[in-house]
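See below for the structure under consideration.
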Amino acid sequence: MISRSYLQLPTRTEKPRTTGFTMAMDKGMPQRQFADVVESASDYLDFVKFGWGTSVVTKNLNQKIATLRAEGIDYYFGGTLFEKFVLQDRFMEFRDMCHWYGCEYVEVSNGTIDMSDAIKSEYVAELSRDFRVISEVGSKNQMKSENMAPNKWIGYINADLEAGAMLVTLETRESGKSGICRPNGELRFGLIEEILSSSIDTERLLFEAPSMELQSFFVSRVGPDVNLGNIATSDLLALETIRLGLRSDTLLAFEPNTVLPWLEGMPKVEPWRDFPVAAGH
């Protein structure tokens with residue numbers, strides 16, 4: 001790995017982080033592949049969400065959880081699974097299940113079922129007694145989310161934070177075509193600006209950003225330590241390069257007007273001497 005000392009890069013929080021979280025979604029990846037991904041990207045991965053209800057049909061779930069614990073990565077079950085339990089009037093069973101699997105975090109959402117945001121906040125408050133809650137605002141129904149005015153989004157976010165949520169996730173689904181995005185995948189820029197210009201602490205927001213276009217926008221707009229979720233497991237290292245200005249999309253975002261001042265006084269780098277060279281080269 002090339003030493004970062006040769007470059008001026010944005011300041012990035014290190015684990016255990018209190019902001020700048022990256023959440024990846026496991027959609028049912030095979031165990032060996034899952035272990036390889038988690039181990040290779042552990043420095044850049046803070047949460048794994050077992051997407052929607054995949055944990056119910058994942059036979060090696062305990063092995064995956066053990067892998068995450070060994071690498072110091074937190075995990076939680078998808079909000080859709082929470083909604084399924086609530087829909088069948090089995091909330092207590094949901095809480096018991098999360099305890100049984102050693103969850104420190106739970107996700108609370110109402111993106112699919114007919115549940116008011118006020119009731120959702122009550123579930124946030126109840127679960128906050130035992131867990132760290134990550135709530136979600138926004139519907140998986142594209143038109144319903146698009147018709148929700150910015151002041152409603154801000155009100156629902158604040159209500160969940162006041163109820164005890166550690167983070168509030170802004171919905172886009174894994175497709176990036178709902179919630180804060182339009183059905184064609186375009187980000188609702190006006191909505192985002194109203195949320196960012198409100199009194200809400202951006203460190204308490206987790207933006208679902210499954211595409212590199214969304215990731216690049218939020219890193220450029222909010223900063224390298226923006227909280228991002230629904231990241232594809234294949235994109236974890238690529239996202240970290242976006243955060244550090246090492247990919248074209250953000251290469252110029254964190255550069256000073258000129259590079260000359262910060263070069264002054266630095267020792268001359270001779271690549272053939274100072275950079276590690278692979279054996280045989």
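So, residue 74, is that one closer than 29 Å to residue 219 by Cβ, in contact (Cβ under 8 Å) with a residue 24 or more places away in the chain and not β-branched (Val, Ile, Thr) or not? Yes, satisfied. Residues that are more than 30 Å from residue 118 (Cα to Cα) and not β-branched (Val, Ile, Thr) number at least 1 in the following helices (runs of 4 or more DSSP H) confined to the stretch 158-251: 212-222, 236-243. Residue pairs whose Cβ atoms lie under 7 Å apart, separated by 6 or more positions or on different chains, with the first residue in the stretch 138-162 and over 16 Å from residue 195 (Cα atoms) and the second in a helix (DSSP H, G or I), are 139/145. Six or more apart or on different chains, Cβ under 8 Å: which pairs go from a residue in the stretch 223-248 that's within 11 Å of residue 44 (Cα to Cα) and buried (at least 21 other Cβ atoms within 10 Å of the Cβ) to one that's at pLDDT 95 or above and among the hydroxyl-bearing types (Ser, Thr, Tyr)? Could you list them? Sorted first by the residue in the stretch 223-248, then by its partner, the pairs are 239/22; 239/44. Filtered by the rule that a residue be of a type in the set (S, T, N, Q), loosely packed, with under 14 Cβ neighbours inside 10 Å and not in a loop (DSSP other than H, G, I, E, B), the stretch 6-33 gives a lone residue, 33.
Of all residues in the stretch 124-148, which are of a type outside the set (A, V, I, L, M, F, W, C), crowded, with 24+ Cβ neighbours inside 10 Å and not in a loop (DSSP other than H, G, I, E, B)? Scanning the stretch 124-148 gives 135, 136, 145.
Scanning the stretch 46-65 for residues being surrounded by 13 or more Cβ atoms within 10 Å (Cβ to Cβ) and part of a helix (DSSP H, G or I) gives a total of 6. Would you check if residue 127 is in contact (Cβ under 8 Å) with a residue 40 or more places away in the chain, in contact with a strand residue (DSSP E or B) (Cβ under 6 Å, 6 or more places away or on another chain), under 23 Å from residue 17 (Cβ atoms) and not β-branched (Val, Ile, Thr)? So residue 127 fails the test. In the stretch 200-222, the qualifying residues are those that are of a type in the set (S, T, N, Q) and touching a helix residue (DSSP H, G or I) at 6+ places or on another chain (Cβ under 8 Å), and the one that is surrounded by the most Cβ atoms within 10 Å (Cβ to Cβ) is 215. One residue alone among 247, 173, 204, 273 is out of contact with any Ser or Thr (no Cβ under 6 Å at 6 or more places or on another chain) and modelled with pLDDT of 90 or more, and that residue is 204.
A Cβ distance below 7 Å, combined with a sequence gap of six or more or placement on separate chains, defines the contacts here; from the stretch 1-30, residues that are among the acidic types (Asp, Glu) reach residues that are in a loop (DSSP other than H, G, I, E, B) in the pairs 26/51.
Could you check, for the stretch 252-263, whether at least one of its residues is modelled with pLDDT of 85 or more and either within 19 Å of the chain's Cα centre (by Cα) or not in a helix (DSSP H, G or I) (or both)? Within the stretch 252-263, one or more residues are modelled with pLDDT of 85 or more and either within 19 Å of the chain's Cα centre (by Cα) or not in a helix (DSSP H, G or I) (or both). Tell me the residue from 36, 96, 43 that is surrounded by fewer than 20 Cβ atoms within 10 Å (Cβ to Cβ), within 18 Å of the chain's Cα centre (by Cα), at negative phi and part of a helix (DSSP H, G or I), please. Sole residue among the options that is surrounded by fewer than 20 Cβ atoms within 10 Å (Cβ to Cβ), within 18 Å of the chain's Cα centre (by Cα), at negative phi and part of a helix (DSSP H, G or I): 43. If I filter the stretch 77-89 for residues that are surrounded by 17 or more Cβ atoms within 10 Å (Cβ to Cβ) and in a strand (DSSP E or B), do I get at least one hit? Yes.
The values are calculated or read from the model by the stated rules, or taken from the named source; none is laboratory data. The structure displayed is predicted, hence computed values, not measured ones. Here the Cβ is made from the backbone with ideal geometry for all residues, glycine too, and neighbour counts use every protein chain on show.
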